[in-house]
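Shown next, in structure tokens, is the structure this report addresses.
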Amino acid sequence: MPKAVAITGNEAVAEAMRQLNPDVVAAYPITPQTEIVQIFSTFVADGLVHTEFVPVESEHSALSAVVGASAAGARAMTATSSQGLALMWEVLNIASGMRLPIVMPVVNRALSAPINIHCDHSDTMGARDSGWVQIYSENVQEAYDNVIQAVRIAEHPDVRLPVMVMMDGFIISHGMETVTLLEDDVVKRFVGEYRPEHSLLDVDHPVTFGALDFADWYFEHKRQESDAEAGVSQVVISVAEDFARISGRRYGLFEEYMLDDAEIAVVALNSTAGTVKEVVDALRSDGVKAGLLKLRLFRPFPHRDVLSALRHVKAIAVLDRADTYSTMGGPLFIDIRNVMYDMPGPRIVNYIYGLGGRDIDLDEINKVFEDLKDIATTGKVGAPVTYLGVRE
Amino acid sequence: MATLRELAQKDELLTGGHRACAGCGAPVALRMALKAADTPVVVGCATGCLEVTTTIYPYTAWKTPFIHSAFENVAATISGVEAAYRSLKRQGKINREIQFLAVGGDGGTYDIGFQSLSGAMERGHDMVYICYDNQAYMNTGIQRSSATPLGAATTTTPAGTVMPGKPQTRKDLTAIMAAHGIPYVAQTTISHWNDLVTKVKKAFAVKGPAFVNILATCRLGWQIHPADSIEVCRVAVDTCFWPLFEVENGKWRLTHKPREKKPVVEWLKRQGRFKHLFTDQNRHILDEIQADVDRKWEELLRRCGEGSS
Ligand SMILES: Cc1ncc(C[n+]2csc(CCOP(=O)(O)OP(=O)(O)O)c2C)c(N)n1
Ligand code: SF4
Ligand SMILES: [Mg+2]
């Protein structure tokens, strides 16, 4: 019987990792991810997993060790936040370039400077072009479910790419919710055994990982990587279908909330989507055709599906919890505007909000929808990029 | 101890046909080191001359399983490989005996990979780490490292009119690794094949981490004739610039004591990178280098419980 328990995001992710029982975990503590490492260490200490835990001396080494373990044919995981992810940057591209199916929960936290331990998405947005699949989670249940699905996505023969699973620092990582956990053996069967095509430990069939490509080969290998990304959406959908069968919970590339007939809509990631749903409900009861698109798969970007989900909307506001410092808005905005470029209809605006853990409240989101109503009526956009909830 | 004949009959795990320069010491060091292995070995290599010259896609000179990840993380990478092995072995998914070897140049070991190395040694992974120390960043065109000796000209410490080569002495990494308290640490070089193979054999045999520092020439960086590669290393030993010793479970032991300690200029004068020191203006640096070698040699003798020479 699946059981409902009240736990935090970090506890849920650690629990998912216990059930996944990876062969190797190498990790390093950083707020707000630290608890994941601590809780998992107790599982190791109590013999609840067969994992070899490598308590490395840095995140650079954490991901490096996980790359080694994965190349050695192990199911391998790490987890991090913010500065830790930044320190991994070099190895992120190595993991994807070597096509290693590593799964890494990331608890979103702002990047220094100024140093700040609270939530925004500047850490994982900085890694958006690293070739990793990126999946965002609204709440504790989704974080748990996504980590489990990520293993199947990463290891799928059409994908063989590393996957990051995101949740918001403190808001979700330390927020307690009632979630339904799967049975251990259900998870075990769902992910199955990992059988890599090549392994460093297959000493009778020695292979070289990480060879040097000159200009005569590098481009072809990178092109293959792009090709693999193009197949990710399909795998995400089929894994979600299998997951629905064991959990009853349905996932897609994104969630459409009251979007079918929406005239105005917000696009958002992670926990803020939950707050937006509240506002959409209130507006709907006042007869306003408001909706939400909550993106789940952000990399690779499911552009065709997003386009068909948004094409009928008159005015769209993209909420970004990170800036690109390009003066052209946040990363999600840039992508959504790109997707919608050929559509003459929708007007699109951007709100950058919540940096360094600044709360976003119902009033602020209401104000966004008020702006959208004006834009939908007049067809006119004032400033395309607005900073929300900041002292100017 | 294996005979040369026996070693010659063993498989070549690092084959010829790679693209290292003629006379390069690095592949010689690794070819010999792999002869010391009695079980299959998984090799990790840091970015550097050895890696780039042996793994040019679609070719590889390695007949062992091999991984290159980045410049500074070979110790962490092999930590992960070894952890995977322990995990899969414990689960009964593997039952072979396999050894793990991490290899880095001096740049990848003394400098940028030092943290990763120190961490891996402290965690006690069952691996051998070999540094092929050619005393500079050769792959990027002979820049100084913390292994570059005092006075050597490199492209970032060129012999100029006011700065005569590298102003600092080299870091004693072998001693630093010994201070980690790991079961086996050794220093050797390619001119002493027997010493090298014996030490790497011991390094593989111990349970837990072992570190072997191998002086290896770079004919371009050292400005030597390719045919002199082995001889220059022999003189490094004879002058006590590069003593051969090991530290086994904390016990220091000299493995070779030169019959007669030659002056260090015998070593310096064979290499173009020290040429500028043999001028009136710079001759005092030769004295400094000799004084430094003498002091370190005496210190080593004391550690090894040997009388002074
Ligand atoms: C993070 C990073 N910084 C710099 C480099 C450039 N780089 C590649 S190899 C190398 C020097 C290697 O020196 P060493 O480890 O002594 O090996 P050698 O080439 O001398 O054999 C440098 C600086 C790199 N690849 N990665
Ligand atoms: S440059 Fe030096 S280290 Fe590099 S391959 Fe040539 S001789 Fe060897
Ligand atoms: Mg070097």
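The values are calculated or read from the model by the stated rules, or taken from the named source; none is laboratory data. The structure displayed is predicted, hence computed values, not measured ones. Because the Cβ atoms are built from the backbone with ideal geometry, glycine has one as well, and the counts that use them run over all protein chains shown. Just the protein is used for accessible areas: all its heavy atoms, side chains included, with ligands, DNA and RNA removed. Shrake-Rupley method; radii C 1.70, N 1.55, O 1.52, S 1.80 Å.
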Counting only protein heavy atoms and using a 1.4 Å probe, what share of the accessible area of chain B belongs to carbon plus sulfur, as a whole percent? 53 percent
Roughly speaking, what % of Cα-Cα pairs in the range A:179-331 are separated by over 19 Å, rounded to a whole number? 70 percent
With both partners inside the range B:4-303, how many of the DSSP beta bridges are antiparallel, as a percent to the nearest 5? 35 percent
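Using the heavy atoms of the protein chains and a 1.4 angstrom probe, tell me the accessible area per residue for chain B in square angstrom.
39 Å²
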Area projected by the alpha carbon convex hull of the range A:254-388, averaged over all directions, nm²: 7.5 nm²
Report, to the nearest 10°, how far helix A:140-155 tilts away from the longest principal axis of the Cα atoms in chain A, using its own Cα long axis and a range of 0 to 90°. 50 degrees
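If you take the accessible area of A alone, add that of B alone, and subtract the area of the pair, what total do you get in Å², probe 1.4 Å, to the nearest 100?
Roughly 3200 Å².
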Pairs B:Lys202/B:Lys261; B:Lys35/B:Lys257; A:Lys314/A:Lys367; B:Lys261/B:Lys296: which exceed 23 Å Cα-Cα? B:Lys202/B:Lys261; B:Lys35/B:Lys257
Cα extents of the range A:89-135 along the three principal axes, largest first (Å): 34, 19, 13
In whole Hz, what ³J(HN,Hα) sequence does the range A:15-25 give by Karplus (6.51, -1.76, 1.60; θ = phi - 60°), x for Gly and Pro? 5, 4, 5, 4, 5, 6, 6, x, 5, 9, 10
Descending semi-axes in whole angstrom, ellipsoid equivalent of the range B:4-303, from the Cα gyration tensor: 32, 21, 18
Which residues of the range B:40-67 show a drop of at least 50 Å² in accessible area when all protein chains are present, compared with their chain alone (probe radius 1.4 Å, heavy atoms only, ligands and nucleic acids excluded)? B:Tyr57, B:Pro65, B:Phe66, B:Ile67
Could you work out what % of the accessible surface of the range A:254-388 is carbon and sulfur, using a 1.4 angstrom probe and leaving DNA, RNA and ligands out of the count? 49 percent
Could you give the length gained by full extension between A:Tyr218 and A:Met328, i.e. 0.36 nm per residue of separation minus their alpha carbon distance, to one decimal place? 36.4 nm
Output ³J(HN,Hα) for the range B:30-44: one whole-Hz value per residue in order, computed from phi by the Karplus curve 6.51 cos²θ - 1.76 cosθ + 1.60 with θ = phi - 60°, and x for Gly and Pro. 6, 4, 5, 4, 5, 5, 7, 8, 9, 10, x, 10, 9, 10, x
In terms of Cα to Cα distance under 17 Å, which aspartates and glutamates are near enough to A:Lys3, apart from those fewer than 8 places away along the same chain? A:Glu11, A:Glu15, A:Glu142, A:Asp145, A:Glu177, A:Glu183, A:Asp184, A:Asp185
Provide the convex hull volume over Cα atoms per residue for the range B:208-307, in Å³. 115 Å³
So who's got an amide H within less than 5 Å of the one on B:Thr255, skipping anything under 5 residues away but keeping other chains? H placed 1.01 Å off N, in plane. B:Leu244, B:Phe245, B:Glu246
Divide, for the range A:1-154, the radius of gyration over alpha carbons by 2.2 N^0.38 Å, where N is the residue count. 0.97
Please give the peptides B:85-95, A:311-321 ranked by average Cβ packing (other Cβ atoms within 10 Å per residue), highest first, as a rough proxy for protection. A:311-321, B:85-95
Angle check, please: helix A:272-285 long axis (alpha carbons) against the longest principal axis of chain A (alpha carbons), in degrees 0 to 90, nearest 10. 30 degrees
Based on alpha-carbon centroids, what's the gap between the range B:233-298 and the range A:169-238 in Å, whole number please? 51 Å
Rounded to a whole number of µm²/s, how large is the Stokes-Einstein D of the range A:74-228 at 37 °C and 0.692 mPa s, given Rh as the Kirkwood radius over C-alpha pairs? 193 µm²/s
Given B:Lys171/B:Lys207; B:Lys89/B:Lys201; B:Lys93/B:Lys207; B:Lys89/B:Lys207, the pairs whose alpha carbons are separated by over 19 Å: B:Lys171/B:Lys207; B:Lys89/B:Lys201; B:Lys93/B:Lys207
Skipping prolines and chain starts, which residues have an amide H placed within reach, meaning under 5 Å, of the one on B:Ala216, given they are 5 or more residues away or on another chain? B:Asp133, B:Asn134
Heavy-atom accessible area per residue - the range A:3-247, 1.4 Å, Å²: 35 Å²
The ³J(HN,Hα) series, computed from each phi in the range A:66-76 with the Karplus coefficients 6.51, -1.76 and 1.60 at θ = phi - 60°, rounded to the nearest Hz and given as x for glycine or proline, is 5, 4, x, 5, 5, 5, 7, x, 8, 7, 10
Estimated FRET transfer efficiency (A:His312, A:Ile115; beta-carbon r; R0 45 Å; 0.05): 0.55
Sequence-distant residues sharing a close amide H with A:Val267 (under 5 Å, placed H): A:Leu293, A:Ala317, A:Val318, A:Leu319
Over the C-alpha atoms of the protein assembly as shown, what are the Rg and the largest Cα-to-Cα span, Dmax, in Å? 29.3, 99
Computed FRET value (nearest 0.05) for A:Leu362 with A:Leu48, which takes r as the C-beta separation and R₀ as 51 Å: 0.80
Given C-alpha coordinates of chain A, what is the ratio Rg to Rh with the Kirkwood estimate of Rh? 0.97
If you find the alpha carbon centre of the range A:324-392 and of the range B:12-67, how far apart are they in angstrom? 55 Å
